[in-house]
Amino acid sequence: MLNSFKPTWMVRSIYQITPQQLKQNKIKAVLTDLDNTLIAWNNPEATEETLEWIERMKEHGIKVIIISNNKAKRVSKVATILDLEFIPNARKPFQKGFKEAQEIYDLTKKDLLMVGDQIITDIKGANNAGIRSVLVKPILDSDAWNTRFNRMIELRIMNYLIKKNPDMKWRDSLDEPIEH
Ligand SMILES: [Mg+2]
């Protein structure tokens, strides 16, 4: 039952994902969660690292789309700074935002990769939608108040999954997928 929370990969940070790794896996576009995945939740400013990663993806023709449960106002503010497309009010773990991404950008499930720091929303959502996923460590150890409760439940699910699946380990690239 808890297998629906299992990511395809576990990589410490989104910045370790390279265009080469994506091309090897035939991924054309990255759907990325916003808060604590691409940027710190409490700081709308993009770091040099974020900007460089986005630039590298663009150079290699990989589309990056922010998919967030947050409101359009907040998401668009950051997306404009980063010059990225975005899907707000995505309602992860439901399929709404994932379907929108496929329709708007004319992409198939296989073209897409979801990257996020939360198994309850990002990873479960990707699994529900049949999209491969990467779980990353949250950029900050702290969370917005509305995320704290989920984080507590996630810790318990992760502990259970890791106990049952010894191959669920943090890595530095997409080289080793987790068995499903
Ligand atoms: Mg997040």
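Does Arg132 qualify as being touching a Leu at 6+ places or on another chain (Cβ under 6 Å) and either among the aliphatic types (A, V, I, L, M) or away from the ligand (no atom under 12 Å from the Cβ) (or both)?
The answer is yes for Arg132.
Scanning for something of a type outside the set (Lys, Arg), modelled with pLDDT under 95 and assigned to a helix (DSSP H, G or I), does the stretch 129-146 turn up at least one residue?
yes
Taking the options Ala40, Ala72, name whichever one is at pLDDT below 95 and surrounded by fewer than 21 Cβ atoms within 10 Å (Cβ to Cβ).
Ala40
Kindly list the number of the only condition in (1) over 25 Å from Phe5 (Cα atoms); (2) free of Cβ contacts under 8 Å to residues at least 24 places away in the same chain; (3) more than 15 Å from the ligand (Cβ to nearest atom) that fails for Ile62.
Of the numbered conditions (1) over 25 Å from Phe5 (Cα atoms); (2) free of Cβ contacts under 8 Å to residues at least 24 places away in the same chain; (3) more than 15 Å from the ligand (Cβ to nearest atom), the odd one out for Ile62 is (2).
Collect the residues in the stretch 1-46 that are within 16 Å of the ligand (Cβ to nearest atom) and assigned to a helix (DSSP H, G or I), keeping them in residue-number order.
Phe5, Ile14, Tyr15
Out of the residues in the stretch 47-85 meeting the condition of being assigned to a loop (DSSP other than H, G, I, E, B) and small (Gly, Ala, Ser), tell me which one is nearest to Lys23 (Cα to Cα).
Gly61
The values are calculated or read from the model by the stated rules, or taken from the named source; none is laboratory data. Because the structure is predicted, anything quoted here is derived from the model rather than measured. FYI the Cβ positions are ideal-geometry reconstructions off the backbone, even for glycines, and counts take in every protein chain you see.
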